[in-house]
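What follows is a single structure, written as structure tokens, with notes after it.
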Amino acid sequence: MEPITLLLEILITYVVIVWIILPLVVPNLGIRRKVPRELPLYWREVLDGLQASHGSDKEFLVRAYEAVTARYHGGRMETVTKFWKAFQNPFTQAPGFMYCTGMNYLLRTLLVQSGRFAEVDIKIVHVPLNFIIHQYLRVRADGVWYDVDPWAQRFGTPFGKKRVWFG
């Protein structure tokens with residue numbers, strides 16, 4: 001087999017698996033799930049605490065981001081070695097590693113459940129140039145769009161920024 005043919009076959013296989021099959025199989029990756037009507041007790045208490053302090057929508061967004069990143073973190077190797085976590089319910093996972101999809105779902109749920117944000121204020125953005133698909137959120141707060149990537153916070157990516165290359 002010629003090298004170019006082999007390279008094309010690898011590329012096509014990658015695209016089919018990562019960009020077609022995985023979004024159909026992995027929760028929160030391809031199909032936008034609705035936020036739940038009821039939150040588990042821990043997350044209800046987190047949301048109540050967030051709502052108790054007043055401030056702008058951006059301040060609320062930052063505090064919700066901090067609540068998620070204080071409990072969960074991203075990880076490059078863990079993305080491969082703990083692949084089953086992509087299929088777990090984000091609301092019941094123990095603190096530690098969580099996929100970007102789960103962290104984004106938690107954050108989106110807190111924002112929508114707060115009543116300060118609507119689904120139209122939150123866009124899910126997928127990063128195409130990754131070994132495995134990476135996603136982050138674009139959130140409109142106080143009329144300004146912010147890139148929010150809680151998974152990448154562990155790598156020094158601050159609030160308002162995102163990872164693009166090989167998250």
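Details
- Simple spin-label estimate for residue 34 and residue 11 in nanometres, 7 Å along Cα-Cβ: 4.2 nm
- Dipole of region 3-155, positive end: most advanced residue of 7, 87, 118 [Cβ charges, Cα centre]: 87
- Result for the chain in a Gaussian network model with C-alpha springs under 10 Å: among 21, 133, 12, the largest mean-square fluctuation is at 12.
- Helix 41-52 axis, angle to the chain major axis (alpha carbon atoms, nearest 10°): 60 degrees
- In terms of the mean number of neighbouring beta-carbon atoms within 10 Å, the peptides 36-44, 140-148 order highest first as 140-148, 36-44.
- Degrees between helix 3-14 axis and first principal axis of the chain (Cα, 0 to 90, nearest 10): 30 degrees
- Additional length obtainable on full extension of the chain from residue 161 to residue 19, 0.36 nm per residue less Cα span: 48.7 nm
- Gain on full stretching of the segment that runs from residue 42 to residue 1 - 0.36 nm per residue minus C-alpha separation: 9.2 nm
- Region 148-159 - phi-based ³J(HN,Hα) in whole Hz, Karplus 6.51/-1.76/1.60, Gly and Pro as x: 10, 10, x, 4, 8, 4, 4, 9, x, 7, x, 3
- Remark on residue 97: its backbone amide H falls under 5 Å from those of 73, a criterion applied only to residues 5 or more positions apart or on other chains, H modelled at 1.01 Å from N.
- Here the scattering of the chain is modelled by Debye summation over its C-alpha atoms, one equal scatterer each and no solvent; at q = 0.08, 0.14, 0.15 Å⁻¹ the log10 of I(q)/I(0) is -0.25, -0.71, -0.81.
- Choice from 115, 75, 102 showing the highest fluctuation, given a GNM over the chain with Cα pairs closer than 10 Å: 115
- Relative to the dominant Cα principal axis of the chain, helix 57-71 is inclined by about 60°.
- Nearby lysines by direct alpha-carbon distance to residue 58 (threshold 20 angstrom, same-chain neighbours under 8 apart not counted): 123, 161, 162
- Once the Cα-Cα distance is subtracted from the 0.36 nm per residue extended length, the residue 80 to residue 142 segment shows a gain of 18.6 nm.
Any read-out appearing in this document is the output of simple, stated calculations on the displayed coordinates, not a laboratory observation. It should be emphasised that the depicted structure is a prediction, and the values quoted were computed from it without experimental measurement. Here the Cβ is made from the backbone with ideal geometry for all residues, glycine too, and neighbour counts use every protein chain on show.
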